[in-house]
Amino acid sequence: MSDNTKYIFFTGGVISGLGKGIAAASVGALLKARGLSVTIQKFDPYINIDPGTMSPFQHGEVYVTEDGSETDLDLGHYERFINTEMTKRNNLTTGQVYYSVITKERNGDYLGATVQVIPHITNEIKEAIKDVSANSEKFDVVITEVGGTVGDIESQPFLEAIRQFCLEQPKENTLIIHLTLVPYIESSGEAKTKPTQHSVMRMREIGLQPDMLLCRTSKRLEKETIDKLSLFCNVTPESVIEGRDVKSIYEVPLMFHKSGVGELIRNKLDLPESSENFSDWKEYVRKIKHPEGKITIAMCGKYNKLVDSYKSILEAFVHAGVDNSVKVDVKWVNTEELAGNQKEMLGNVDGILIPPGFGKRGVEGKILAAKYARIKKIPFLGICLGMQCSVIEFSRNVCGIKNANSSEFDPDTKAPIIDFMESQRKIKKKGGTMRLGAYPCTLKSGTLAAKAYGKTDISERHRHRYEFNNKYKSKLQKRGMIFSGINERDDLTEIIELKNHPWFVGTQFHPELKSRVFSTHPLFKDFINASKKYQERKRNKKSKKSK
Ligand code: GLN
């Protein structure tokens, strides 16, 4: 706890997609390793209130926090790296800022004033920076990442607010880190500093002087390059940090640790002296880089290979891989192409995962994938829509309810196995109206779920409108479906399993959102473990045959 919160701002230059979120999360991890309490906030310059209504093609995964906010996927990285829960306050969009200012104007809060970008919009942004550390918890360090790149029209008010904020704080309380690209030109054998010079020039035009440059580069930065960046960008040579491309994002904190970023920040922000304990990270990264085996999981979705759409699931695979000493390879299976090709597309995998999703496209293929996993006894994890598909499949093919469906895909279905939640029926507006955030769930003892968690009372995060229809429960139960997780207050099915199958689990919630470095989500850990065992069984069978 500290009265004197320090603020670090991350801006980006040259191009987007340089890994600003990972860099901010990594700096957070460095400071946490020094015993400081840290939180990270993301500013998104778009006009949407949140990314909840955007397509995953546009925006990637929508990350849901405990308090039910739909946020940018970078918040997932923050939680995973610094093991701290994010809230609504950790993600601010232009839409939210304007919404709040306009609401205040209509309420008469600014009576007499002309409402303007400066000071009304910028004041709102400055308050949000302070707010993130002002409520239940006070943090030693607040890191704020500004989305987009310097020079974008949309990010101007955020950068202006940061300029004012820094001016109002004592010098040693704020720090600006600019993430930039230093491209290497093969033909001339040179690293080019001009793009960085230009983006720092843009920053200085608006009154922001970076204190540190984080330079993404594919090659080692020569001393000459560092000196040139230092001279033209007005930062000391020690503050020019090389950010080499690495294989795993979990190497980034380690790389920063080795190059003394933590100590540099400590000095600049006048933080108490402390050492950075990084031995656990080192061991973690070693395990990622040196797995003892490899397993393949089929990801059966419609956003084929769009890694950003399934970010948290892919990271949970990395975590579960560390626990099980394997590398988890993903085989992307486009479910629109699955019919008739099940054996070819799923025959060699060690586990099948059906991820969350919305809309009808690709759903029949997902149902086929669930059937294949059930019949071939391949470990299966169905998440949200994935769970719903597995229940539809079971109803159709085991319970003989031929036209079983979800009313999401067929609003007139005679057998709505998956149906609108009662609370959703009257809702017409789309933004932020799903069942969102953390809800409690009680597990049935002796089930795969109870074994995985090692307890019976859990809480998990949700993002959906439809649910399992309890009218069909006893029918499905009789044929071997186990309802292993229930929200008792509202009598909602949260987890299903199958009898006579080594590992078949469907969850209405999103376990991937709570998997972190050093604490893998238990269902992912057990799913990967079951897949590893399945692979071993396959191997043993093969070697017996060949004898
Ligand atoms: N479309 C489904 C629903 O709204 C599943 C949502 C999801 O997978 N997140 O219930």
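The values are calculated or read from the model by the stated rules, or taken from the named source; none is laboratory data. What you see is a predicted model; the values in this text were computed from it and never measured. Please note: Cβ atoms are built from the backbone with ideal geometry, for glycine as well, and neighbour counts cover all protein chains shown.
Quick one: count up the residues across segment 450-465 that are in a loop (DSSP other than H, G, I, E, B) and more than 16 Å from the ligand (Cβ to nearest atom).
3
Counting just the residues of segment 421-439 that are under 21 Å from the mean Cα position of the chain (by Cα) and of a type outside the set (G, A, S), which one comes out nearest to the ligand (Cβ to nearest atom)?
Here the answer is M434.
Could you please give the count of residues in segment 497-522 that are within 26 Å of the chain's Cα centre (by Cα), more than 16 Å from G382 (Cβ to Cβ) and away from the ligand (no atom under 16 Å from the Cβ)?
7
Yes/no per residue for (1) farther than 30 Å from C384 by Cβ; (2) out of contact with any helix residue (DSSP H, G or I) (no Cβ under 9 Å at 6 or more places or on another chain); (3) hydrophobic (A, V, I, L, M, F, W, C):
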{"site": "F232", "(1), (2), (3)": "yes, no, yes"}
{"site": "V235", "(1), (2), (3)": "yes, no, yes"}
{"site": "S239", "(1), (2), (3)": "yes, no, no"}
{"site": "N267", "(1), (2), (3)": "yes, yes, no"}
{"site": "S274", "(1), (2), (3)": "yes, no, no"}
{"site": "N277", "(1), (2), (3)": "yes, yes, no"}
{"site": "I288", "(1), (2), (3)": "no, no, yes"}
{"site": "D308", "(1), (2), (3)": "no, no, no"}
{"site": "D323", "(1), (2), (3)": "no, no, no"}
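Take A404 and tell me if it is touching a residue at least 12 places away in the same chain (Cβ under 8 Å), of a type in the set (G, A, S) and more than 16 Å from the ligand (Cβ to nearest atom).
no
Can you tell me which residue within segment 1-36, out of those that are among the hydroxyl-bearing types (S, T, Y) and surrounded by 24 or more Cβ atoms within 10 Å (Cβ to Cβ), is farthest from I206 (Cα to Cα)?
Top of the filtered list is S26.
Quickly run through segment 342-380 and pick out the residues that are away from the ligand (no atom under 16 Å from the Cβ), under 25 Å from the mean Cα position of the chain (by Cα) and farther than 17 Å from I297 by Cβ.
Once the filter is applied, which keeps residues that are away from the ligand (no atom under 16 Å from the Cβ), under 25 Å from the mean Cα position of the chain (by Cα) and farther than 17 Å from I297 by Cβ, segment 342-380 yields nothing.
If a residue must be modelled with pLDDT of 95 or more, within 16 Å of the ligand (Cβ to nearest atom) and in a loop (DSSP other than H, G, I, E, B), how many such residues does segment 466-496 contain?
Counting residues in segment 466-496 that are modelled with pLDDT of 95 or more, within 16 Å of the ligand (Cβ to nearest atom) and in a loop (DSSP other than H, G, I, E, B) gives 1.
Could you pull out the residue among T196, T180, T144 that is assigned to a strand (DSSP E or B), in contact (Cβ under 8 Å) with a residue 12 or more places away in the chain and over 17 Å from F43 (Cα atoms)? Working first, answer last.
Working: T196 fails: assigned to a strand (DSSP E or B); T144 fails: over 17 Å from F43 (Cα atoms).
Exactly one residue qualifies, and that residue is T180.
Could you tell me which numbered condition Y63 fails, if it satisfies all but one of (1) surrounded by fewer than 24 Cβ atoms within 10 Å (Cβ to Cβ); (2) farther than 28 Å from N173 by Cα; (3) not acidic (D, E)?
Single failed check for Y63: (1).
Which condition does D412 not pass, out of (1) charged (D, E, K, R); (2) assigned to a loop (DSSP other than H, G, I, E, B); (3) farther than 22 Å from P511 by Cβ; (4) within 16 Å of the ligand (Cβ to nearest atom), if it passes all the others?
All conditions are met except number (4).
I need the full set of residues from segment 289-340 which are over 18 Å from the mean Cα position of the chain (by Cα), crowded, with 24+ Cβ neighbours inside 10 Å and hydroxyl-bearing (S, T, Y), in order please.
Within segment 289-340, just T335 meets the criteria.
If you go through segment 535-546 one residue at a time, do you hit one that is touching a Leu at 6+ places or on another chain (Cβ under 7 Å) and in contact (Cβ under 8 Å) with a residue 60 or more places away in the chain?
Scanning segment 535-546, I find no residue that is touching a Leu at 6+ places or on another chain (Cβ under 7 Å) and in contact (Cβ under 8 Å) with a residue 60 or more places away in the chain, so the answer is no.
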